[in-house]
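The values are calculated or read from the model by the stated rules, or taken from the named source; none is laboratory data. Owing to the predicted nature of the structure, the values given are computational and were not obtained by experimental measurement. Cβ: placed from backbone, ideal geometry, glycine included. Neighbour counts: every protein chain shown.
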């Protein structure tokens, strides 16, 4: 395998057929990984006249673009190697990359779940209505609460007389 080199991203041509396989969620995961530990696997490119054509590593290339990188690590492969690209997936490095990406995805999902449960708990505490205690001795008895308001202590003599007239009592 050739030694990895640094290539200007703007000089790498991505075939239309490859662009259709782009998955933004994978680009995001790889970008996070590159921020944490750097680019671990070089992309593969082949020479086609004066330009470089991407053979493998579309998501790594897009992740580096998203991070604002101007160069990317890559290796130049021959056209014959590019034609046998399906065999490339059988390499141990590619499998290690898949395992790493699966682990990163699992960690991201766990983090999102933890954040969602935390925000849900915060939402429960803020939406609970304050508990109001009923007036002492009233509880859930509607007759008691009605009677209590009717037998309120009068503040003046006029109030007492009015109360007595309303209850049929004598004054």
What number goes with the only condition from (1) at pLDDT below 65; (2) farther than 16 Å from residue 46 by Cα; (3) surrounded by 15 or more Cβ atoms within 10 Å (Cβ to Cβ) that residue 62 does not pass?
(1)
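Taking the residues in the range 37-52 that are in contact (Cβ under 8 Å) with a residue 40 or more places away in the chain and closer than 26 Å to residue 100 by Cα as candidates, determine which candidate is surrounded by the fewest Cβ atoms within 10 Å (Cβ to Cβ).
Per the criteria, the residue is 40.
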Result of the Cβ filter at 6 Å on the range 103-126, keeping first residues that are under 26 Å from residue 36 (Cα atoms) and partners that are surrounded by 10 or more Cβ atoms within 10 Å (Cβ to Cβ) and modelled with pLDDT of 85 or more, at least 6 apart or interchain, is 104/29; 104/33; 105/29
Using beta carbons and a limit of 6 Å, which pairs, at least six apart or on different chains, have the first residue in the range 145-171 and loosely packed, with under 10 Cβ neighbours inside 10 Å and the second one at pLDDT 60 or above and in a helix (DSSP H, G or I)?
171/161; 171/164
Say we look at the range 1-14 and pick out the residues that are farther than 11 Å from residue 57 by Cβ and under 31 Å from the mean Cα position of the chain (by Cα); which of these is surrounded by the fewest Cβ atoms within 10 Å (Cβ to Cβ)?
10
Single residue of 109, 121 found to be in a helix (DSSP H, G or I), more than 30 Å from residue 22 (Cα to Cα), at pLDDT 65 or above and within 46 Å of the chain's Cα centre (by Cα)
121
Of all residues in the range 15-36, which are assigned to a loop (DSSP other than H, G, I, E, B), under 29 Å from the mean Cα position of the chain (by Cα) and surrounded by 11 or more Cβ atoms within 10 Å (Cβ to Cβ)?
22, 23
Given (1) on the phi < 0 side of the Ramachandran plot; (2) at pLDDT below 60; (3) outside any helix (DSSP H, G or I), index of the condition residue 131 fails:
(2)
